[in-house]
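> Encoded as structure tokens, here's the structure I'll be asking about.
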Amino acid sequence: MLLALPVEAELQSSRPAGPSSVTASTQHHDATITAPASTAEPMATVPPPATTPEPSCGGTLQGPEGSLSSPRYPAPYPPNTLCIWRIQVEDGLAIQLKIESLSLEGTRWCLFDRGHRLHPLAALCRFCGDVAPPTINTNSNRLRVTFVSDNSVGALGFTAHYRAILPSDKSCAWDEFFCDQGLCIHLGLVCDGFHDCTDKSDEANCKCGGSLTNLEGQFSTPSHPQPYPHQQLCLWQIAVPVGHVIDLQFHNFSLEWQEDCTFDFVEVHDSAGTDASSLLGSRFCGSQLPPILTSSRHVMTVLFMADEGVAEDGFFATYRARNATESSPSEFSCSNGECQARELVCDGWHDCLDESDEFNCTNSSCQQIQVEMCLGLSYNTTSFPNIWLTIPDQQGAATMLQDYKVLMELPCYQHLHLLICSLFVPKCTPDGGVLQPCRSVCLTAEQRCQQALSLLSILWPINCNVLPDSNDPVECFKP
């Protein structure tokens with residue numbers, strides 16, 4: 001049995017000295033965090049004679065952080081053992097305790113029946129079994145942890161870590177939900193239909209899917225921006241008036257990554273259903289923002305699925321209906337009503353039938369690309385000096401690119417050549433400015449080329465985090 005409590009809670013529950021409320025069972029080992037009924041220390045059960053001395057346990061821990069574990073851990077703990085740790089940190093601080101692993105024989109006293117769960121921020125809690133509890137945030141600078149075992153067969157025990165924190169810095173692990181100004185609960189309890197938090201926030205924002213019929217709107221995964229619950233299936237059906245199409249844009253996107261996106265994923269369908277033939281693009285997962293997706297008609301369906309494993313922060317998305325003849329925000333409207341990608345504007349080529357994509361493009365700061373390694377790109381004008389890499393002219397860029405020739409020739413990512421060139425020989429915009437590549441392009445290239453680079457003992461040379469974190473064609477360049 002493991003007992004831990006803030007010391008002031010112990011004092012508040014004190015009574016005249018008498019028998020301890022901590023009693024070892026005669027049949028089980030268990031672990032609890034609970035308040036004793038008196039201030040008198042429990043007496044250690046005398047272990048049976050042994051040929052070798054048992055390892056010591058318990059003691060006073062006063063550092064800003066530290067660890068503790070059951071005797072012999074990770075080997076099974078001995079029978080008839082009593083360990084008491086007293087943790088104390090500086091005044092004005094609180095203690096955060098994380099039981100990192102737990103394997104203790106459980107008893108009926110440790111069964112967390114709903115309605116009898118003990119709040120970790122209160123004076124007592126009780127844990128046993130083989131599932132480690134969530135992070136425990138206390139309101140005290142003193143904590144007592146007690147471990148008791150009886151005379152039956154032992155299990156592997158526990159290991160825990162504590163640290164001193166400011167009372168305002170209470171937090172939970174990445175796979176836990178934070179509520180009640182310091183309570184941590186497992187994600188499996190979020191949106192399960194029961195209120196495990198006093199403030200009921202674990203059951204708020206749990207709406208998943210639905211029908212969206214306004215001309216514009218927004219939706220997100222349950223609990224966003226906190227991690228979404230496990231085992232979710234959400235279906236949003238967007239239906240706007242006939243004669244309109246729908247532009248869908250993701251603004252935040254973080255799902256569990258897997259190469260085939262089979263664990264947690266989003267699918268967007270160009271229909272009122274989810275048939276494979278209507279899929280727009282592909283399945284999306286990981287942390288790369290999907291592109292702006294446009295339906296071909298007035299309906300669109302968004303499917304989100306999450307398994308029982310890792311949960312990330314999910315996504316936030318907006319949609320907007322527009323007349324079917326109106327260009328999307330990421331497109332250029334030609335004078336004859338055609339829509340073309342914005343990156344084709346003023347690139348030296350006539351993509352609109354009326355050639356309006358090349359009107360008013362006589363900006364003296366744009367110049368034809370002359371760097372041989374970067375000819376034949378999806379754009380053919382650039383501008384110097386390159387203020388990001390302090391390159392004065394195209395000749396300087398050509399010289400520096402020689403050091404990246406091996407990298408540019410790797411077949412690991414189809415847009416790698418374009419990415420490298422757009423850094424050294426950036427695309428010139430119609431107003432005479434230049435565009436850096438979008439961060440998502442750089443991160444994708446880094447991820448897909450890691451294996452090839454490791455075989456060549458080459459490190460990825462680009463700091464992707466300095467590039468614009470956007471998919472807006474006005475802010476950055478994307479293939």
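> Check cross-link reach from Lys405 to the lysines: straight Cα distance under 27 Å, and skip same-chain residues fewer than eight apart.
Lys427, Lys478
> Taking 7 Å along the Cα-to-C-beta vector as the label spot, tell me the Glu90-Leu389 distance in nanometres, rounded to one decimal.
It works out to 4.8 nm between the two label points.
> Under the definition of Cα pairs under 8 Å and six or more residues apart, what whole-number percent is the relative contact order of the range 210-323?
Reported as a whole number, the value is 46 percent.
> For a Förster distance of 51 Å, can you work out the FRET efficiency between the beta-carbons of Asp403 and Ala75, rounded to the nearest 0.05?
So, using R0 = 51 Å, E works out to roughly 0.40.
> With labels modelled as points extended 7 Å from the Cα through the Cβ direction, what inter-label distance (nm, one decimal) is found for Ser101 paired with Ala452?
4.1
> Could you tell me the extents of the range 196-294's C-alpha atoms along the three principal axes, largest first, rounded to whole Å?
If we take the Cα atoms of the range 196-294, the spans are 48, 34, 23 Å.
> What distance in nm separates the simple spin-label points at Leu233 and Ser287, each placed 7 Å from Cα in the Cβ direction?
The two pseudo-label positions are separated by 3.0 nm.
> Right, something else. Could you tell me what fraction of 2.2 N^0.38 Å the Cα radius of gyration of the range 363-479 comes to, as a two-decimal ratio?
For the range 363-479, the normalised Cα radius of gyration comes out at 1.02.
> Can you return the lysines within cross-link range of Lys170? Criterion is Cα-Cα under 17 Å, with same-chain partners fewer than 8 residues away left out.
Within the straight-line limit of under 17 Å, Lys170 reaches these lysines: Lys98.
Bear in mind that the values in this text are calculations on the coordinates, not laboratory data. Every value quoted in this text rests on a predicted model; they were computed, and no experiment measured them. In this analysis, Cβ positions are derived from the backbone assuming ideal geometry, glycine residues included, and neighbour counts consider all displayed protein chains.
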